[in-house]
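Any read-out appearing in this document is the output of simple, stated calculations on the displayed coordinates, not a laboratory observation. A quick note: this is a predicted structure, and the numbers were derived from the prediction, not measured. Because the Cβ atoms are built from the backbone with ideal geometry, glycine has one as well, and the counts that use them run over all protein chains shown.
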Amino acid sequence: MSEIRVLTTGEAAKYCGVNFRTVIRWIERGRLKAYKLPGRGDHRIQVEDFVLFLQENDMPVPADLQAPNRSVLVIEDQPEMASAIRRVLARSGFEVEVARDGFSAGTMLSRMKPGLVTLDLKMPGMDGYEVLSFIRSNEEHANTKVLIISAETAAGLERAMALGATDVLPKPFENDELLARVEALIR
């Protein structure tokens, strides 16, 4: 079971760039859901209620309060491997889509905005190195996490890291290891 995260009125005020008394007024007027600590009277705001308040009032939601993006784009030309990766991740609650080549991956990246990309380096046409370079040079996707999953040589995997890969997982791999890497990167 996950722990419920809470904020003080001062922390909420800092996120909004206002005085903590303003946050207390929002609470007292029923605009922001909160509860009082017994005996002290201090307010506490659950993070999910605070995020909802920010969204309802067209205020930006700070990155550290956003839920992790659990969507994964698998870029893999071998249907059996793509299917295996998709199955392992989908069973663990990830939203997974597959691109069979570098060209379709570009359009899927823009539409999907995944939290993570798994990328094979050895693909016909636009190879994984070119896809990785595209991701890192495109402002919209520059911060997307990229997990290289490839049977490439150690030198090839090092080249991918130098081009901006977040992590590498050599083929063949164990499903548990794939899941552990993806969970760590998404968090």
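Assorted remarks:
- Stokes-Einstein diffusion of the stretch 6-61 at 10 °C, 1.306 mPa s viscosity, Kirkwood radius from Cα pairs, rounded to a whole number: 143 µm²/s.
- Mean separation of Cα contacts under 8 Å, 6 or more apart, over the residue count of the chain: relative contact order %: 15 percent
- Cα-based Rg / Dmax (Å) for the stretch 71-186: 12.5, 33
- If R0 equals 35 Å, the separation of the Cβ atoms of residue 84 and residue 8 corresponds to a calculated FRET efficiency of about 0.15.
- Once the C-beta distance of residue 91 and residue 130 is scaled by a Förster radius of 22 Å, the resulting FRET efficiency is 0.10 to the nearest 0.05.
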